[in-house]
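A.B. asks: Here you go, one structure.
The values are calculated or read from the model by the stated rules, or taken from the named source; none is laboratory data. Bear in mind that the values here come from a model prediction, so they are computed numbers and not experimental data. Backbone-built Cβ (ideal geometry, glycine too); neighbour counts: all protein chains shown.
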Amino acid sequence: MESQEETPIIYTMENKPIVTCAGDQSLFTSLYTSLAQQLPREPMEWRRTYGRAPKMIHLEANFVQFKEELLPKEGNKALLTFPFLHIYWTDCCDTETYKSSVKEDMMRWQNTLRSHSSADWVIIVVETNDTKKNKKTNILPRSSIVDKIRSDFCNKQNDRCVVLSDPLKDSSRSLDSWNALLLKLRTLLLMSFTKNLGRFEDDMRTLREKRTQPGWSFCEYFMVQEELAFVFEMLQQFEDALVQYDELDALFTQYVLNFGAGDTANWLGSFCAPVRNWSGLLLRRPIDMEKRDSIQRGEASLLDLRSYLFSRQCTLLIFLQRPWEVTQRALELLHNCVQELRLLEVSVIDGALDCWVFLSCLEVLHRIEGCCDQAQLAANCSHTVGLWAYATDKLKSLGELCGLVSKNGPTSEDLNRTVDLLAGLGDERPETINSLQSPYKKLKEALSSVEAFEKHYLELSHAAMEMYQAIGRLRSARLVGKSLAEFYMAKGDPERAETFLQEALKSYVSEGWSLPVTHTRRQIAECQKLLGRTEDYLQTSALLAGDGNLSTEERKHFCQEILSFAGKSENHSHKVTLSMNVFAQLTRLQFHPATASVHSGAVLQVELTLRCLMPVSVRIQQLAASIHFDIDHGGTHGRSKGTLRRTNRGTVEFKQGNSSAGPASSAAAGPTLEMDEIQDRSPSDNSLASVGVVCKNTHLVMRRRENGSPPETPNCVSPPTVAMKEGGQMLKVQDVKLEPGNNSITFTAPSGQPGTYTLRQLCATVGEVQFVLSHIYPSVRYEVYSQEPQLTVEPLSEPLLAGMPQLVKFTLLTGHYTVKKGDALQLSNTETMPILPSSSCTARISSPDAELVGESVLSIQSSEKVTSISLPPTPPYHALEFQLEVLCLIPSGSDRPANERLTNGEVRHRPRSYSHPDTPMTAIDQRMSIDCPWSIYSTLLALTFYIPFKTKHSLLSSGNRKYIQVCVQNVSDMSFTLADVKLTEKQHESLELQSFNTKTNQLLCSKHSVFCLWEARWKDDLPSCLQCVFSANFCPLNQESCAFKPFHYQFQLERVTTLYSVKAEIFPPAGEPHCRSGLVCGLEVSITRLIEPSDGEMAEDSKTDTDGLKTTKLMYEVADSSSNWAVCGKSSGMVVMPLKANATHKLQIEVMPLFAGHLPFPKIKVLKYLPHNAAAAIQPDPDSCVENDSLSLLDKTLDDQGDTASIRSRGSIHSVGSSDQQQRGVAMPRLEAFSQGQVFNNSHSQQVLVLPTADDHIMEVNAT
Amino acid sequence: MLPFTVYFSPDVFFPQNYPLYIRSVPSQNELKFHYTVHTSLDVVEEKVSAVGKSLADQRELYLGLLYPTEDYKVYGYVTNSKVKFVIVVDSSNTSLRDNEIRSMFRKLHNSFTDVMCNPFYNPGDPILSKAFNGIVSGMMVQTS
């Protein structure tokens, strides 16, 4: 740092506009001090030509004695020495003196001025009272001298003569005259400036316009315009001065550019001379006169001109207090100069420019440091850092040039070069000769020895880095760091170099700049190799070997590095583990079969697609994938669980998140969002409640956001050591050759134990090197399951019909069980469903993929209890299918044999028939019990058969004759032929059943019925109970040679005998031949007992009367359901019938026909009346509907009867107050219907003719 | 001598400065040139952050000369979504004035907008668009 005293004296400060003084020198000398002081005190407004803004300036002047030599000669353009104003001083007050000497002197002065065409003059007449007093009395008034002067010299310009009164006195008059004088002087000075500078500028422009002429010289013009700059500077118009230099700068630049474009100017030749001096900028002097002189002489080199120009600009900028512009311009200048020298093809020795730039940078920095304090400097690092970095750069290349960066030190050739370079620096400038830290000394020292160079270089580098870091230009800082690393590398210090390189690499990787990444990584590889960090080196080599930015040769080299290390077999104990991503990428994984779910022991193949990034094919001794095994308890049940997540069936695609070699931009793109759709369904009705999208890898995405850290790439620094876990299970492939590009490798996966197998890691072993993929993501797993053997029986066609041979299909899924030779299925026989033996029953064996593997004939052996089916040998997880014909016998009716025991001791389950809701057919569940060889337990299977028929029977009577009708309804979808219809009675041999059925074969279509009729004839007595069996043979209609199958239907008829005959007759009213509607007719009902009472009947419901005659009570009821008749009076009543054959009871009832026509007789019901005391004898059946019906009937009918005992007894129910249940069971009189056939109605469906009434115009009027 | 041209941009969503597109002619000095562009990001960021946030809307997209080096001139342009464009021109190429550079950037920006409008383009992926490439090539030929 320079001390303040050293700041150069500013030359131009001394330069003031020249004002000459003629006349009385002693007078002037006496006034000089106050004049020089007072003149700059007040600013003046300077109006400018060419529309330039007016400026306030403080004027100063350099007063010199007038000499003729001072006046510029014709053609002299020097402005600095130009006298702007000429003053003539006089204090003459006496006309004589004036006339004798002063006027003459003035005339001479005026003539001289005029001869030089200078019009800027003023005459100052000083008046003092002293002079007045001391001298003789004034002859002329004192003003007359001034008037005289004015009239003599200032013929039109009266203002050219100024009076100064009593200048040395302190009076108001004196002050006023001073002010007037100063104002006048200033005005005149400005006028002179405007006029003279304007003229000068015009001349200058003219000169500039001539620049296309052949003889024009830039240097000359330079001097002229600089003169103007000087004047502005002198007037402290630094801005204007700077403009002059900038114009010169631009003009010169344009010429150089034109030269580049082929437009050569002659004068430019001098600037194309080889550079011999590269001593750098010199900014400590206001004007570098040496250089200025050389420019003036036209001998300056380009660097000289540029240096000079910049030093002037720098000076002015510092006057303007714009130091940061200096640094910026400096950088531009330095770049520009280097470019211009190149453009002008100036020959420069190697390193000379570097020296010049280096010195210049430091010089500028020193200059700036000289005029700013530390705080300012620190705050404006951003302006200076460029220069620091540039200087660093240049010093480094100088060091390289001079052999100072090599490990061995400079060679003699290097030394020679150094000497040459130093020679060009010349001697140190006198300004800095005492400074210890001058740029000159620094450069000289730096080039003097390796150590000094290192010291200086490091100093500069660190300064630049620190500044970059301070202003947040981290990338720039890293770039400096990288170049420092290169230096360390050259010095043979890889350890320090690596730190910087890693730092830089991190930034390049994180921002995805592939070329810098590759370059930096290559340098790191070099470091690591030198440092002997084998593992890191190999890792980096692997990265580089797969780096597409490198040439194939380079990649092969790095690949070879790995392979040759791998080939060494020195230390078996330690294998180098590297990340696999850099070596090969797992792109795809495919399962065969695609379900990725196999039964235990089956073959599962895993096909990996590895994209090998190496440039050459690599032989891998072993490729292994470690497997994590989970015992999956649910998995044993089979395939229902689809746990493997995959886009394509059985194929997993791996996205390449961070590829090291490929386009790095994709690496920096980071993890892609993994989105999944979620649907929330309401549990009750499965309706969609909400839908959303979730990001599944938030942890990855968010982490990057938070700290902006680079993606965890294995390629940046040494990767975290990935350990290969020695899991129990491995997929292994030995000796694989990986070609560059995609390789397909097939593993056979272990599938011994059922459970879930997850692929965790992948490891490729090449000799001593292992490439490990520490984590396979997305996770890949496959399932091994184990299945129990399963036997199912299902009908071949739906529905299974009972009574006919039906085919059922047996399916055996073997599961883990191997069916051996001799294994057989043991079916327990049931007589309700025999298995029909068939000669050729073939079994089909099919593989899990439903491919037919084999067919073989089954041997079926039936014994009394068991049917044994020998199975063909079948491998596990195959399906065995065969068909058997079974017949389900139709249960014939109500017979229920006792439970039997099956062969295996189980209680036989009776097939139970029930009606099925889906079909009108009655269903029978038929159970089968099968003993399987793989289990000690029997397998129970159920088959549902359907009975195709529904059978109904009915008993028909005609007086005493009895007929039995059977209706067979076909409820199935098939049609049948019914043959050999038979009805037999089992118990009574005397009974003869005569058939009315003529056809032997009957067609029974689907959903149709067939009715059959028999008459029962008997010899002695008709038995009250008949056990009948209906049997028929049937076969499906469309089968030709089918065997008829029997069908049985058992039923029982009770109380067959006819007890009473009821006969009704209707008599027309008296005097009428026919009944007429609306007239009451008589209905006579006669009830006749047909047979003698049997024993049972006597005991059951008879009552011995007092006279010993046995009677029974009957109840009759006349009811007309179709409202044809109106019963007048009693419609029902009680009849006491004697229990004797042919006993008859007649009833007279009045009825009235309501309509005309053939009306059917009203219905007459006869019911058994059971008195209350007889109730104990009968079986109490409180739920009998007969009772309920009859009671309600009683309620209705007995109301209007009034005289029956039942009413009294009913009344007693309440009086006794005993429990209802008991009362009902014991005391209630009841009605019981006769069974079908016990009462024969003679007049059933008889009709009577009713005539209409003669006068039947009846209008029905309803009035409400 | 041909100019070097580079376009580079960070993803809008990730504030990282990875290149979307880099092209350079001639290619032999590509490495140095990548380093230059990468370093220029410092200045781009400095310039962008120097502009007050409130003024960000009216911000001039063209950043002008980022910094000169001995060999190149580096110009910058930042879109409102902070996508950065950088053009590097050889220092010796004097035919390119500020205005030409500015219009080149504008052209690039338009073309880049077209690329982004392509529904098949995934923002953040390297730009492989032929149309964009064509525009860039056209400019490189024109300025050489």
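A.B. asks: So A:Lys1007 passes all but one of these: (1) closer than 20 Å to A:Asn1241 by Cβ; (2) part of a loop (DSSP other than H, G, I, E, B); (3) modelled with pLDDT of 85 or more. Which condition number does it fail?
C.D. replies: With (1) closer than 20 Å to A:Asn1241 by Cβ; (2) part of a loop (DSSP other than H, G, I, E, B); (3) modelled with pLDDT of 85 or more applied to A:Lys1007, the lone miss is (1).
A.B. asks: Determine if segment A:1061-1072 includes at least one residue that is surrounded by 17 or more Cβ atoms within 10 Å (Cβ to Cβ) and more than 26 Å from A:Lys1165 (Cβ to Cβ).
C.D. replies: There is no residue in segment A:1061-1072 that is surrounded by 17 or more Cβ atoms within 10 Å (Cβ to Cβ) and more than 26 Å from A:Lys1165 (Cβ to Cβ).
A.B. asks: Here is a further query. Given the structure, is A:Ser995 surrounded by 13 or more Cβ atoms within 10 Å (Cβ to Cβ) and over 60 Å from the mean Cα position of the chain (by Cα)? Steps first, answer last, please.
C.D. replies: Values: surrounded by 13 or more Cβ atoms within 10 Å (Cβ to Cβ): no; over 60 Å from the mean Cα position of the chain (by Cα): yes.
Judged against the criteria, A:Ser995 is not a match.
A.B. asks: Oh, and also: Does A:Glu1015 satisfy being part of a loop (DSSP other than H, G, I, E, B) and more than 60 Å from the chain's Cα centre (by Cα)?
C.D. replies: no
A.B. asks: Would you mind stating whether A:Asp427 is of a type in the set (Asp, Glu), more than 15 Å from A:Val326 (Cβ to Cβ), modelled with pLDDT under 85 and surrounded by fewer than 19 Cβ atoms within 10 Å (Cβ to Cβ)?
C.D. replies: On the way: of a type in the set (Asp, Glu): yes; more than 15 Å from A:Val326 (Cβ to Cβ): yes; modelled with pLDDT under 85: yes; surrounded by fewer than 19 Cβ atoms within 10 Å (Cβ to Cβ): yes.
Judged against the criteria, A:Asp427 is a match.
A.B. asks: Identify, from the list B:Val86, B:Val115, B:Val25, the residue that is under 21 Å from A:Leu515 (Cα atoms), at pLDDT 85 or above and either away from chain A (no Cβ under 11 Å) or touching a helix residue (DSSP H, G or I) at 6+ places or on another chain (Cβ under 8 Å) (or both). Walk me through it before giving the result.
C.D. replies: Working: B:Val115 fails: under 21 Å from A:Leu515 (Cα atoms); B:Val25 fails: at pLDDT 85 or above.
Of B:Val86, B:Val115, B:Val25, the one residue that is under 21 Å from A:Leu515 (Cα atoms), at pLDDT 85 or above and either away from chain A (no Cβ under 11 Å) or touching a helix residue (DSSP H, G or I) at 6+ places or on another chain (Cβ under 8 Å) (or both) is B:Val86.
A.B. asks: On the given criteria, is A:Leu501 of a type outside the set (Lys, Arg) and either touching a residue at least 60 places away in the same chain (Cβ under 8 Å) or buried (at least 22 other Cβ atoms within 10 Å of the Cβ) (or both)?
C.D. replies: On the way: of a type outside the set (Lys, Arg): yes; either touching a residue at least 60 places away in the same chain (Cβ under 8 Å) or buried (at least 22 other Cβ atoms within 10 Å of the Cβ) (or both): yes.
Against the criterion (of a type outside the set (Lys, Arg) and either touching a residue at least 60 places away in the same chain (Cβ under 8 Å) or buried (at least 22 other Cβ atoms within 10 Å of the Cβ) (or both)), A:Leu501 qualifies.
A.B. asks: Please find, within segment A:360-387, the residue that is surrounded by the fewest Cβ atoms within 10 Å (Cβ to Cβ) out of those that are under 12 Å from A:Ala330 (Cα atoms) and more than 14 Å from chain B (Cβ to nearest Cβ).
C.D. replies: Applying the filter and picking the extreme gives A:Leu365.
A.B. asks: Identify the residue in segment A:589-608 that is out of contact with any Phe, Trp or Tyr (no Cβ under 9 Å at 6 or more places or on another chain) and outside any loop (DSSP other than H, G, I, E, B) and, among all such residues, is surrounded by the fewest Cβ atoms within 10 Å (Cβ to Cβ).
C.D. replies: Across segment A:589-608, the extreme among qualifying residues is A:His592.
A.B. asks: Identify, from the list A:Glu498, A:Glu511, the residue that is farther than 27 Å from A:Gly351 by Cα, in contact with a Phe, Trp or Tyr (Cβ under 7 Å, 6 or more places away or on another chain) and either more than 10 Å from chain B (Cβ to nearest Cβ) or not small (Gly, Ala, Ser) (or both).
C.D. replies: Values: A:Glu498 fails: in contact with a Phe, Trp or Tyr (Cβ under 7 Å, 6 or more places away or on another chain).
Testing whether each residue is farther than 27 Å from A:Gly351 by Cα, in contact with a Phe, Trp or Tyr (Cβ under 7 Å, 6 or more places away or on another chain) and either more than 10 Å from chain B (Cβ to nearest Cβ) or not small (Gly, Ala, Ser) (or both) leaves just A:Glu511.
A.B. asks: What are the residues in segment B:119-136 that are loosely packed, with under 14 Cβ neighbours inside 10 Å and in a helix (DSSP H, G or I), if any?
C.D. replies: Scanning segment B:119-136 gives B:Lys130, B:Ala131, B:Gly134.
A.B. asks: Using the structure shown, decide if B:Phe14 is surrounded by 14 or more Cβ atoms within 10 Å (Cβ to Cβ), at pLDDT below 75, within 11 Å of chain A (Cβ to nearest Cβ) and over 16 Å from the mean Cα position of the chain (by Cα).
C.D. replies: Here the answer is yes, as B:Phe14 does meet what is asked.
A.B. asks: Something else: Just give me the residues in segment A:316-342 being more than 14 Å from chain B (Cβ to nearest Cβ) and more than 18 Å from A:Leu377 (Cα to Cα), in sequence order. Lay out the reasoning, then the answer.
C.D. replies: From segment A:316-342, those more than 14 Å from chain B (Cβ to nearest Cβ) are A:316-326; that's our starting set.
Selection gives A:Leu316 alone.
A.B. asks: Pairs, please: C-beta under 9 Å, at least 6 apart or cross-chain, first residue more than 10 Å from chain A (Cβ to nearest Cβ) and in segment B:90-102, second in a helix (DSSP H, G or I) and among the hydrophobic types (A, V, I, L, M, F, W, C)?
C.D. replies: What qualifies is B:Leu96/B:Met104.
A.B. asks: Restricting attention to segment B:61-74, does a residue exist that is under 30 Å from A:Lys482 (Cβ atoms), in contact (Cβ under 8 Å) with a residue 60 or more places away in the chain, within 14 Å of chain A (Cβ to nearest Cβ) and surrounded by 14 or more Cβ atoms within 10 Å (Cβ to Cβ)?
C.D. replies: Taking every residue of segment B:61-74 in turn, at least one turns out to be under 30 Å from A:Lys482 (Cβ atoms), in contact (Cβ under 8 Å) with a residue 60 or more places away in the chain, within 14 Å of chain A (Cβ to nearest Cβ) and surrounded by 14 or more Cβ atoms within 10 Å (Cβ to Cβ).
A.B. asks: Still on this model: Of the residues A:Gly548, A:Gly472, which single one is free of Cβ contacts under 8 Å to residues at least 60 places away in the same chain, within 14 Å of chain B (Cβ to nearest Cβ) and either over 27 Å from A:Ala389 (Cα atoms) or assigned to a loop (DSSP other than H, G, I, E, B) (or both)?
C.D. replies: Working: A:Gly548 fails: free of Cβ contacts under 8 Å to residues at least 60 places away in the same chain.
After applying the criteria, what remains is A:Gly472.
A.B. asks: Answer with yes or no whether A:Glu413 is at pLDDT 85 or above, assigned to a helix (DSSP H, G or I) and under 30 Å from A:Gln321 (Cα atoms). Walk me through how you get there before you give the answer.
C.D. replies: On the way: at pLDDT 85 or above: yes; assigned to a helix (DSSP H, G or I): yes; under 30 Å from A:Gln321 (Cα atoms): no.
Taking the combined requirement at face value, the residue does not satisfy it.
A.B. asks: If the requirement is being in contact with a Ser or Thr (Cβ under 7 Å, 6 or more places away or on another chain) and surrounded by fewer than 15 Cβ atoms within 10 Å (Cβ to Cβ), which of these qualifies: A:Ser786, A:Ser779? Explain how you work it out, then say what you get.
C.D. replies: Values: A:Ser786 fails: surrounded by fewer than 15 Cβ atoms within 10 Å (Cβ to Cβ).
None of the others qualify; the one that does is A:Ser779.
A.B. asks: Still on this structure: Restricting the first residue to segment B:120-142 and requiring it to be without any contact (Cβ under 8 Å) to a residue 60 or more places away in the chain, which pairs with a second residue that is part of a helix (DSSP H, G or I) and acidic (Asp, Glu) meet a Cβ separation below 7 Å and a spacing of at least six or different chains?
C.D. replies: Here the result reads B:Ala131/B:Asp114, each pair linking segment B:120-142 to a residue that is part of a helix (DSSP H, G or I) and acidic (Asp, Glu).
A.B. asks: Would it be correct to say that A:Glu345 is at pLDDT below 90, within 14 Å of chain B (Cβ to nearest Cβ) and either surrounded by fewer than 20 Cβ atoms within 10 Å (Cβ to Cβ) or touching a Cys at 6+ places or on another chain (Cβ under 8 Å) (or both)? Before you say what the answer is, go through the steps one by one.
C.D. replies: Values: at pLDDT below 90: yes; within 14 Å of chain B (Cβ to nearest Cβ): yes; either surrounded by fewer than 20 Cβ atoms within 10 Å (Cβ to Cβ) or touching a Cys at 6+ places or on another chain (Cβ under 8 Å) (or both): yes.
Yes, satisfied.
A.B. asks: Let me ask something else. With the structure loaded, tell me whether A:Ser838 is over 53 Å from the mean Cα position of the chain (by Cα) and either without any contact (Cβ under 8 Å) to a residue 40 or more places away in the chain or not assigned by the TED database to the domain that holds A:Ser828 (or both) or whether it fails that test.
C.D. replies: Values: over 53 Å from the mean Cα position of the chain (by Cα): yes; either without any contact (Cβ under 8 Å) to a residue 40 or more places away in the chain or not assigned by the TED database to the domain that holds A:Ser828 (or both): no.
No; evaluated as a whole, the condition is false for this residue.
A.B. asks: Those residues that are under 12 Å from A:Glu992 (Cβ atoms) and either surrounded by 13 or more Cβ atoms within 10 Å (Cβ to Cβ) or at pLDDT 80 or above (or both), I need them from segment A:1010-1024; list them, please.
C.D. replies: Answer for segment A:1010-1024, where residues must be under 12 Å from A:Glu992 (Cβ atoms) and either surrounded by 13 or more Cβ atoms within 10 Å (Cβ to Cβ) or at pLDDT 80 or above (or both): A:Trp1014, A:Glu1015, A:Ala1016, A:Arg1017, A:Trp1018, A:Leu1022.
A.B. asks: Only one residue in A:Leu673, A:Leu700 is of a type outside the set (Ser, Thr, Tyr), at pLDDT below 70 and farther than 26 Å from A:Ala625 by Cα, so which one is that? I'd like the intermediate steps shown before the answer.
C.D. replies: On the way: A:Leu700 fails: farther than 26 Å from A:Ala625 by Cα.
Residue meeting the stated conditions: A:Leu673.
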